[in-house]
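Structure record follows, encoded as structure tokens.
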Amino acid sequence: MIKICARWALPFALPIALLTGAVQAQEANEALLARNLAATCASCHGTAGLAKGEMKSLAGRKEEDLLKLLADYRSGAQPATLMHQVSKGYTEDQLRLIVRHFAALPAKP
């Protein structure tokens, strides 16, 4: 019985292993892209999303809160000097990657 199961499982093992590796590679690429996109926010919001002074910190904030804030900047519902223009320079997918990046960072060093 064990030999039969192993014989049936073997043809599936390689494709599953390859698929798992591909998914992990895609997740790593997305994380790298997210970090690179988020780097444009560093001059105002800090390199780790921890702003100094009056600027809002982004690290550790909830994804849905940040997405709502960005949507408000894009629509003009939230007043801004720059963010209404900056937020329009990204696609929705790019904004989700950026937000996911900052939400995953610790709120305090």
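A simple count of charges around CYS44, restricted to other residues whose Cβ falls under 14 Å of its Cβ and scoring Lys, Arg +1 and Asp, Glu -1, yields +1. Sequence-distant contacts, meaning Cα pairs under 8 Å at least 6 residues apart, place the relative contact order of the stretch 27-87 at 15 percent. Excluding ILE98 itself, what net charge comes from residues whose Cβ is under 15 Å from its Cβ, given Lys and Arg +1 and Asp and Glu -1? Taking every other residue near ILE98 into account, the sum is +3.
Using the heavy atoms of the protein chains alone and a 1.4 angstrom probe, what is the accessible area of the stretch 25-99 per residue in square angstrom? Walk me through the numbers on the way to the answer.
Numbers: 4870 Å² over 75 residues.
I get 65 Å² per residue for the stretch 25-99.
For the residue pairs LYS62/LYS108; LYS68/LYS108; LYS52/LYS88, alpha carbon separations beyond 20 Å are given by LYS68/LYS108; LYS52/LYS88.
The values are calculated or read from the model by the stated rules, or taken from the named source; none is laboratory data. Keep in mind that what you see is a predicted model, and the values were worked out from it rather than measured. Cβ coordinates were reconstructed from backbone atoms using ideal geometry, including for glycine residues, and neighbour counts include every protein chain displayed. We work out accessible area using only protein heavy atoms, side chains counted, and drop any ligands, DNA or RNA first. Shrake-Rupley method; radii C 1.70, N 1.55, O 1.52, S 1.80 Å.
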